[in-house]
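K.L.:
Please see the structure below; I have some questions.
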Amino acid sequence: MSRNRIEFIKELSNQLSYIMKPNEVKELVDYYDEMILDLMEEGLSEEEAVSRLDSPEKIKESIKGTPLEINLPISKKFSPYLMALLILGFPLWGSLLLALALIILSIYIVIWCVPLTTGTIGFAGLVGGLVGTVFSPLALMDGFHIGITQFGLGLLLFGIGMLATLFTVSISKKVIVKSQNLTNHLKNQLLFKRSEKR
Amino acid sequence: MDTQLKKGLIEYYVLANLNYGDSYGYEIVRTVSSHLPITESTLYPILKRLETQGKVKTYSNEHNGRLRKYYKIQPNGLESIRNFLESWEKVEAIHDYIKRSVEE
């Protein structure tokens with residue numbers, strides 16, 4: 001399969017964009033582009049020059065294996081100016097961070113609202129229904145029809161409570177999975193953005 | 001040649017090549033390949049590493065209406081060559097030891 005120069009560069013940038021930072025990709029692409037142009041100056045055709053080089057897939061693999069030096073001086077030690085800037089800027093980034101944390105918290109609360117509501121209905125139904133049913137004989141003293149009505153309503157309430165509890169149990173499992181997914185997603189996004197590179 | 005040995009030598013070969021004069025990617029590959037066959041993909045991480053270690057510096061020059069990246073050796077790189085040459089006595093001693101093991 002012969003590619004031309006532009007196709008090669010496009011394919012290479014595409015492959016590398018998953019594992020490198022944009023400026024590193026640009027540097028590497030420039031390096032290979034220069035190679036192609038130099039090979040063409042030697043008298044090779046565009047396709048020949050491209051085929052002389054490794055394929056973008058192979059280049060990606062070879063880059064993956066070699067640890068590219070990441071410039072660490074910034075993360076290794078904070079300069080006093082940066083520290084001062086961070087402290088002075090706290091009212092700005094601090095409040096933004098707080099807002100973000102609260103938004104995330106509210107997402108969790110909204111998600112957990114559903115099982116909380118059904119759980120409450122379930123609990124109220126079970127307890128209320130049970131008490132209503134058990135004490136319905138006492139209501140008989142106010143009249144037979146009242147006692148029967150309370151007994152029936154108590155059973156109905158107990159049934160609703162059971163259904164709501166079952167629903168809560170099943171939905172809780174899903175919500176737990178969803179919460180875990182959300183937490184993992186946030187963790188990956190915020191903390192391990194570069195983990196894919198390894 | 002053993003790949004590990006080759007890997008170790010290429011770095012000094014490139015530095016020596018640049019000590020003869022500034023050069024660019026394609027020319028470096030060609031020069032190095034006359035003794036140690038390498039590909040562009042092998043050279044890139046080496047150049048990159050030398051650059052981050054401050055052993056070489058890069059600059060761009062115009063060539064045929066395009067920019068070409070040139071590599072220039074730094075004092076740091078020259079020192080690295082000297083260290084390599086100084087350790088050669090030890091390498092020779094190891095070589096002799098290995099050689100004797102086969103001869104006897």
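K.L.:
In segment A:1-37, which residues are part of a helix (DSSP H, G or I) and over 21 Å from B:Tyr26 (Cβ atoms)?
P.N.:
Step one: of segment A:1-37, the residues part of a helix (DSSP H, G or I) are A:5-16, A:22-37.
Of everything in segment A:1-37, those that are part of a helix (DSSP H, G or I) and over 21 Å from B:Tyr26 (Cβ atoms) turn out to be A:Lys10, A:Asn14, A:Gln15, A:Pro22, A:Asn23.
K.L.:
Right, next: Return yes or no: is B:Ser23 open to solvent by less than 20 Å² (accessible area, probe 1.4 Å), under 25 Å from A:Ile63 (Cα atoms) and within 14 Å of chain A (Cβ to nearest Cβ)? Please lay out each step first, then the result.
P.N.:
Values: open to solvent by less than 20 Å² (accessible area, probe 1.4 Å): yes; under 25 Å from A:Ile63 (Cα atoms): yes; within 14 Å of chain A (Cβ to nearest Cβ): yes.
Spelling it out, B:Ser23 is indeed open to solvent by less than 20 Å² (accessible area, probe 1.4 Å), under 25 Å from A:Ile63 (Cα atoms) and within 14 Å of chain A (Cβ to nearest Cβ).
K.L.:
Search segment B:36-59 for residues being among the β-branched types (Val, Ile, Thr) and touching a strand residue (DSSP E or B) at 6+ places or on another chain (Cβ under 6 Å), and hand back the single one that is nearest to the other protein chains (Cβ to nearest Cβ). Explain how you work it out, then say what you get.
P.N.:
First pass over segment B:36-59, keeping only residues among the β-branched types (Val, Ile, Thr): B:38-39, B:42, B:46, B:52, B:56, B:58.
So of that shortlist, the ones also touching a strand residue (DSSP E or B) at 6+ places or on another chain (Cβ under 6 Å) come out as B:56, B:58.
Values: B:Val56: 13, B:Thr58: 10 Å.
Filtering segment B:36-59 for residues that are among the β-branched types (Val, Ile, Thr) and touching a strand residue (DSSP E or B) at 6+ places or on another chain (Cβ under 6 Å), the one nearest to the other protein chains (Cβ to nearest Cβ) comes out as B:Thr58.
K.L.:
Another question, if that's okay. Give me the helices (runs of 4 or more DSSP H) completely within segment A:82-198, filtered to those with at least 2 residues that are at pLDDT 90 or above and out of contact with any Ser or Thr (no Cβ under 8 Å at 6 or more places or on another chain), ordered by residue number.
P.N.:
On the way: elements: A:90-134, A:136-139, A:144-190.
Answer list for segment A:82-198: A:90-134, A:144-190.
K.L.:
Do you know which residues across segment B:4-48 are among the polar types (S, T, N, Q) and under 9 Å from the mean Cα position of the chain (by Cα)?
P.N.:
B:Asn17
The values are calculated or read from the model by the stated rules, or taken from the named source; none is laboratory data. Here the structure is a predicted model, which means the values were calculated and not measured. When we count neighbours, we look across all protein chains shown, and the Cβ atoms used for this are built from the backbone with ideal geometry, even at glycine. Side chains are part of the model used for accessible areas, which takes the heavy atoms of the whole protein and leaves out ligands, DNA and RNA. Shrake-Rupley method; radii C 1.70, N 1.55, O 1.52, S 1.80 Å.
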